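Some notes on the structure that comes next.
The values are calculated or read from the model by the stated rules, or taken from the named source; none is laboratory data. Just so it is clear, the structure is predicted and the values come from calculations on it, not from any experiment. Neighbour counts run over all protein chains shown; Cβ positions are idealised from the backbone, glycine included. Please note that ligands, DNA and RNA were not included when accessible areas were found on the heavy atoms of the full protein model with its side chains. Shrake-Rupley method; radii C 1.70, N 1.55, O 1.52, S 1.80 Å.
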Amino acid sequence: MRWRGVPLDVLLAASGVSLDLLTTANAGDTPSLPAASNIPMALLVGLPMGLVRHRPLLVTLYLAAFLAVTDQLGSFTSNTAQILLCVALGVAGYRARPRATSMAVAPAIAATALNLAGSDSPPTANMVVYAVLLPVAPAVLGSYLRSTAERLRERDVTPDALLAAGGVTITVLTTWTSWHSGGQPVWVAGLLAVVGGLSLGVARRLPGLVLVLQGVLLVTADAYLKDAVTTCLILTLIAIGVFAMRVHSWAWTIAAYLTGCLLGAIAMVGDDTEITAFRAGVLMSVVATPIAIGRYLGMRRAAVAAERLRGEEAARAAVAQVRADQLAERERIARDVHDIVAHHVGAMVLRAGAARYTAPDGPVADALDDIREAGHQVLQDLRDLLDLLRDPDRQPDLLTDPSDVVREAAERMSSAGLAVDLDLDPATDHAPLIARASAARIVQEGLTNVLKHAGPGTRVRVCLAASPEGMEVEIRNGRPPTTVERLPSSGRGLAGMRERVRALGGTLSAGPDGDGGWVLLAHLPARPASGMTQDDVSTPACGLGNALRSRA
């Protein structure tokens, strides 16, 4: 037993005891029991309700036996036992299996019949019907709630509003002239009429409960307000039709049909009514009509839902096919890139390696070693890129730390002739990996651009700094020492850097610094976000002024 359920069990037990104490508060002595026994009897009948959630069948059998005993003793506690027996049967129907519940219903019917039967009067048909319905109804209701109709997914409340408005219109217009004819106050009859009509507004969502409510109103009207019986029967038939539309189980549909026939018989058969086969057939046909309509509408609704599901599956299949085509195209591009680029780069690496063994030590040998190492690195990066093209869901493996990539790029460009001054903030090691990797690629591309456009001998300052807002990358080169012949350029380097920074939600600026040099500034946010503006970028930690901010 879970501790979190104990307060509910205690509440159930206390409610059972309190109910009996209220019903027997003014009870005196009986031939078999004195008035002082009321409290012990209340404890005996109410305390077992604390176990009804965990042992509903056992509690049901106990209450059935207790009902039989208290009825024979003439105790007023038998009334409480009858009420709690119905509650226990409902819980048993909800929690236990149908076969076990049916085994508990039989002794409950026997105990109820014994309680309803008088000592000096023979059993009547009504007594037998009530003795069967009192235990069976809660058990069936509990079983229905256990296997209730599927949840209505429609958000349109227009049908519900129309049902509620139609129900209220029917009940009020057809019964308002007879509200004063019963023994109850007029407001009671009017309230029941309005509630009965409004309940149809939730019939599509709670079909079983609304059917039970309409049945109770029909039986009540048959006993206390005869003029409203026909109206209640119409509402009951509507509830049966909605029940048949929403509940797809034939077993529950048959149960609703039999319930409708029983309620129709209560409403249409009087003491002086002659029962014939023709009238019985008419009654059965009247009840079968809303069920047939409801089943038809339910089948149409299921067909529409199935068609919508097939459409959604077809759409998903089309998206999957488009994705498969895209993957196939990416794989084809990967093969072409491998065939074209990898072949030529591999040949360059092999030729550089062969030339290195024949070249003497010196600047030429160092250049050949650098070409060979750069070629190996290009081939490795190319393989990683091709793997990513073939499998977009695969996360790229960053085997090299981005800080090491920056230092390697600075050393490589220094060996190529640039005077590189690297200022790498140790706090950048705590920045997000995606920002650090992007910063490393920006440094590589920026230094390459300086070498191509400014030439060897140019002094370059590279600064990487971290802040709570993200990372700042600054690459500033001075005036070229001599006139250089610029190397061929595709013009895609700066555009590629902008795309990389924009994908992270950052900013990038590049342009002359006013002293004959060039400066590149990139801001990479700690948390990539869409819709960032230039005003969101803080002052760079590398020391650039506000003039560069306006170029971002």
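Numbers below:
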{"quantity": "Residue check, Met299 modelled with pLDDT of 75 or more, of a type outside the set (Val, Ile, Thr), surrounded by 10 or more Cβ atoms within 10 Å (Cβ to Cβ) and more than 30 Å from Arg372 (Cα to Cα)", "calculated": "yes"}
{"quantity": "Scan of region 397-442 for residues that are aliphatic (A, V, I, L, M), in contact with a strand residue (DSSP E or B) (Cβ under 6 Å, 6 or more places away or on another chain) and either surrounded by fewer than 19 Cβ atoms within 10 Å (Cβ to Cβ) or under 15 Å from Ile475 (Cβ atoms) (or both), ordered by number", "calculated": "Ala410, Met413, Leu418, Ala419, Val420, Leu422, Leu424, Ala427, Ala439, Ile442"}
{"quantity": "Residue among Ala277, Ala342 that is more than 30 Å from Val168 (Cβ to Cβ) and open to solvent by 40 Å² or more (accessible area, probe 1.4 Å)", "calculated": "Ala277"}
{"quantity": "Residue match in region 48-56 (condition: open to solvent by 50 Å² or more (accessible area, probe 1.4 Å), over 15 Å from Arg95 (Cα atoms) and touching a residue at least 24 places away in the same chain (Cβ under 8 Å))", "calculated": "no"}
{"quantity": "Considering residues of region 313-344 that are basic (Lys, Arg) and modelled with pLDDT of 75 or more only, the residue nearest to Leu382 (Cα to Cα)", "calculated": "Arg332"}
{"quantity": "Residue satisfying condition, being in a helix (DSSP H, G or I) and over 30 Å from Ala203 (Cβ atoms), within set Glu331, Glu307, Glu312", "calculated": "Glu331"}
{"quantity": "Unique match (being under 17 Å from Asp425 (Cβ atoms), more than 39 Å from the chain's Cα centre (by Cα) and at pLDDT below 85) among Ser489, Ser550, Ser538", "calculated": "Ser538"}
{"quantity": "Boolean, Thr231 is surrounded by 17 or more Cβ atoms within 10 Å (Cβ to Cβ), polar (S, T, N, Q), at pLDDT 80 or above and within 37 Å of the chain's Cα centre (by Cα)", "calculated": "no"}
{"quantity": "Residue check, Tyr62 in contact with a Lys or Arg (Cβ under 6 Å, 6 or more places away or on another chain), closer than 21 Å to Val132 by Cα and open to solvent by 20 Å² or more (accessible area, probe 1.4 Å)", "calculated": "no"}
{"quantity": "Count of residues meeting criterion [open to solvent by 50 Å² or more (accessible area, probe 1.4 Å), assigned to a helix (DSSP H, G or I) and in contact with a Gly (Cβ under 7 Å, 6 or more places away or on another chain)] in region 443-461", "calculated": "1"}
{"quantity": "Matching entry among Ala36, Ala25 (being of a type in the set (A, V, I, L, M, F, W, C), without any contact (Cβ under 8 Å) to a residue 60 or more places away in the chain and not in a loop (DSSP other than H, G, I, E, B))", "calculated": "Ala36"}
{"quantity": "Residues being open to solvent by less than 20 Å² (accessible area, probe 1.4 Å) and not in a helix (DSSP H, G or I) - total across region 87-107", "calculated": "1"}
{"quantity": "Exclusive hit being in contact (Cβ under 8 Å) with a residue 40 or more places away in the chain, more than 18 Å from Leu211 (Cβ to Cβ) and of a type outside the set (A, V, I, L, M, F, W, C), set Arg323, Arg295, Arg301", "calculated": "Arg301"}
{"quantity": "Scope region 358-380; condition open to solvent by 30 Å² or more (accessible area, probe 1.4 Å) and modelled with pLDDT under 70; matching residues", "calculated": "Pro360"}
{"quantity": "Residue check for Thr124: surrounded by fewer than 23 Cβ atoms within 10 Å (Cβ to Cβ) and either closer than 25 Å to Leu22 by Cα or modelled with pLDDT under 85 (or both)", "calculated": "yes"}
{"quantity": "Pair list, Cβ < 9 Å and 6+ apart or interchain, from region 416-441 residues that are in contact (Cβ under 8 Å) with a residue 60 or more places away in the chain and more than 19 Å from Gly517 (Cα to Cα) to residues that are basic (Lys, Arg) and open to solvent by 50 Å² or more (accessible area, probe 1.4 Å)", "calculated": "Pro432/Arg527; Ser438/Arg500"}
{"quantity": "Test: Arg151 is open to solvent by 50 Å² or more (accessible area, probe 1.4 Å), modelled with pLDDT of 80 or more, not hydroxyl-bearing (Ser, Thr, Tyr) and not in a helix (DSSP H, G or I)", "calculated": "no"}
